[in-house]
């Protein structure tokens, strides 16, 4: 299993789970943003020096910090 933080630029994957180590409000916000089971995500850009990860979910683009992106588990899209 891979995490969102491990995706390479332009790579796509499907959300499997969001780790319960995140707080309830963070998990709820991620789900509102579209990070739900079965949803495809695409890594748009990786920032240098472990900066935020830019990802696309549906028609929206978001920037996530490493601490959050590492808690989103993925299955590689086929």
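In the set (1) touching a helix residue (DSSP H, G or I) at 6+ places or on another chain (Cβ under 8 Å); (2) assigned to a strand (DSSP E or B), the condition left unmet by residue 63 is number (1).
Contact annotation: residue pairs with Cβ atoms under 6 Å, 6 or more positions apart or on different chains, pairing a residue in segment 27-51 that is touching a residue at least 12 places away in the same chain (Cβ under 8 Å) with a partner that is crowded, with 17+ Cβ neighbours inside 10 Å and in a loop (DSSP other than H, G, I, E, B), are 43/7. When residues in segment 1-60 are screened for being touching a helix residue (DSSP H, G or I) at 6+ places or on another chain (Cβ under 9 Å), surrounded by 14 or more Cβ atoms within 10 Å (Cβ to Cβ) and part of a loop (DSSP other than H, G, I, E, B), 4 of them pass.
Within segment 66-78, the set of residues being out of contact with any helix residue (DSSP H, G or I) (no Cβ under 7 Å at 6 or more places or on another chain) and either more than 20 Å from residue 20 (Cβ to Cβ) or assigned to a loop (DSSP other than H, G, I, E, B) (or both) comprises 71, 76, 77, 78.
Values in this text are rule-based calculations from the coordinates and carry no lab data. If you're wondering where the values come from, they're calculated on a predicted model, not measured in any experiment. No Cβ is skipped: glycine too gets one built from the backbone with ideal geometry, and neighbour counts run over all protein chains shown.
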